[in-house]
Amino acid sequence: MDRTRIIIDTDIGDDVDDALSLALALVSPEIELCGITTVYKNVGMRSALACAILKVFGSYGKIPVLPGYSQPIRYHVDDSIVPHQCRNLPEDACVSGKPREAVDFIIQSVADDPDTVIVAIGPMTNIGMAVKLAPDIMRKARIVAMGGAFTAVYPEYNIMCDPEAADIMINSGADISMIGLDVTTKCVLTKEDEALIAQQKSEEGRYLAGLSSIWLETSKSKKITLHDPLTVAYLIKPGLLSMRREPLRIELEGTFTRGLTAVCRTPFRQREPYPDSVVNIADDVDSSGMRDLLFSRVFGI
């Protein structure tokens, strides 16, 4: 079986969906996870959580974990706060490293094998910096990103956290597929699903159940939405999503719209597409198929 080589670039530690994405990649024979880079705010503790999950799944030491950029390109954020899902990790678990090392890893991985897919499930700072440092290499990259809200008039979180980085990525000329809130919000676990996760007996299942419990306790939504796992699932079963090609821009200003993903097409006139910013956008999803894939692969249900 041909395996898809991927790097997961993640802000793991807040929503549980990053951890579920990592788990899905680790247990799927179609996927070869060749590295994890972390991004946004406390990347040291985010990396520690990624390492903890690798240990539980028996992959620690086999897959590099590199902390990337904690700060967005344009403004400052507090990167000392420990993410909720990292609260049970010892303080000395924090992984140290220079952001440039994570970015260089991304660049070198694409240079060595352009078929390597960058799975972006956090703010796009690391990817934007990679494009700035090595535009010719990153133009050859394939990127599958969770980000955007293409039929909404509000910005999505990953884009909003670093719109400049997302804009750099969009204009890189890379092969980009974006999976946004238009489809991810259709993939919400039921209370029965949550109960099945809570009843897990395996070490892996119990660890993920613990992270899920923290998310349900601390989040405003009080629900698990499969935003990020859709990126990995798309690489395993592309038929789960229907895609369309659209010229896209990122709003960088605006009092209320900074970070908005703007599709540059209207019913009244067709604008000339920006040559380097036409991307694949997910516009529908097999939500039951997504749920079944996750539960069968990760939880054995």
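Tabulated data for the structure shown
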| read-out | value |
| --- | --- |
| Pick from the stretch 228-264, criterion out of contact with any strand residue (DSSP E or B) (no Cβ under 9 Å at 6 or more places or on another chain) and polar (S, T, N, Q), ranking: nearest to Tyr157 (Cα to Cα) | Thr257 |
| Which listed residue, of Val153, Val131, is at pLDDT below 95, among the aliphatic types (A, V, I, L, M) and open to solvent by 10 Å² or more (accessible area, probe 1.4 Å) | Val153 |
| Condition met for Lys220 (basic (Lys, Arg), in a loop (DSSP other than H, G, I, E, B), without any contact (Cβ under 8 Å) to a residue 12 or more places away in the chain and open to solvent by 10 Å² or more (accessible area, probe 1.4 Å)) | yes |
| Selected residue (only one of Ala120, Ala111 is open to solvent by less than 70 Å² (accessible area, probe 1.4 Å), of a type in the set (Gly, Ala, Ser) and assigned to a helix (DSSP H, G or I)) | Ala111 |
| Residues (of a type in the set (Phe, Trp, Tyr) and under 16 Å from Ala25 (Cβ atoms)) located in the stretch 46-92 | Phe57, Tyr60 |
| All positions within the stretch 256-301 that are of a type in the set (S, T, N, Q), modelled with pLDDT under 90 and either open to solvent by 70 Å² or more (accessible area, probe 1.4 Å) or farther than 18 Å from Met178 by Cβ (or both) | Thr266, Gln270 |
| Close pairs from the stretch 1-26: first over 18 Å from Trp215 (Cβ atoms), partner open to solvent by 10 Å² or more (accessible area, probe 1.4 Å) and basic (Lys, Arg), Cβ under 8 Å, at least 6 apart | none |
| Checking Ala262 against (1) aliphatic (A, V, I, L, M); (2) within 30 Å of His76 (Cβ to Cβ); (3) touching a residue at least 40 places away in the same chain (Cβ under 8 Å), the condition it does not meet | (3) |
| Which listed residue is touching a Ser or Thr at 6+ places or on another chain (Cβ under 6 Å) and under 21 Å from Gly147 (Cα atoms), from Val77, Val43, Val65 | Val43 |
| Output for the stretch 169-212, where each listed residue is crowded, with 20+ Cβ neighbours inside 10 Å and β-branched (Val, Ile, Thr) | Ile170, Ile176, Ile179, Val183, Thr184, Ile197 |
| In the stretch 71-95, the residues that are in contact with a Pro (Cβ under 7 Å, 6 or more places away or on another chain) and over 22 Å from Pro163 (Cβ atoms) | Val95 |
| Test: Ala282 is over 26 Å from Thr125 (Cα atoms) and outside any loop (DSSP other than H, G, I, E, B) | no |
| Residue satisfying condition, being under 23 Å from Arg5 (Cα atoms) and under 20 Å from the mean Cα position of the chain (by Cα), within set Ile159, Ile121 | Ile121 |
| Where a residue in the stretch 226-252 is within 25 Å of Ile31 (Cβ to Cβ) and open to solvent by less than 40 Å² (accessible area, probe 1.4 Å) and its partner, wherever it lies, is of a type in the set (Ser, Thr, Tyr) and in a strand (DSSP E or B), with Cβ under 8 Å and at least six apart | Asp228/Thr10; Tyr234/Ser177; Leu235/Thr4 |
| Selected residue (criterion: nearest to Ile143 (Cα to Cα)) from residues of the stretch 94-108 that are surrounded by 13 or more Cβ atoms within 10 Å (Cβ to Cβ) and of a type in the set (Gly, Ala, Ser) | Ala102 |
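The values are calculated or read from the model by the stated rules, or taken from the named source; none is laboratory data. Everything quoted here is computed from the prediction, not taken from an experiment. All Cβ positions, glycine included, derive from the backbone under ideal geometry; neighbour counts span all protein chains shown. Surface accessibility is based on the protein's heavy atoms, side chains included, excluding ligands, DNA and RNA. Shrake-Rupley method; radii C 1.70, N 1.55, O 1.52, S 1.80 Å.
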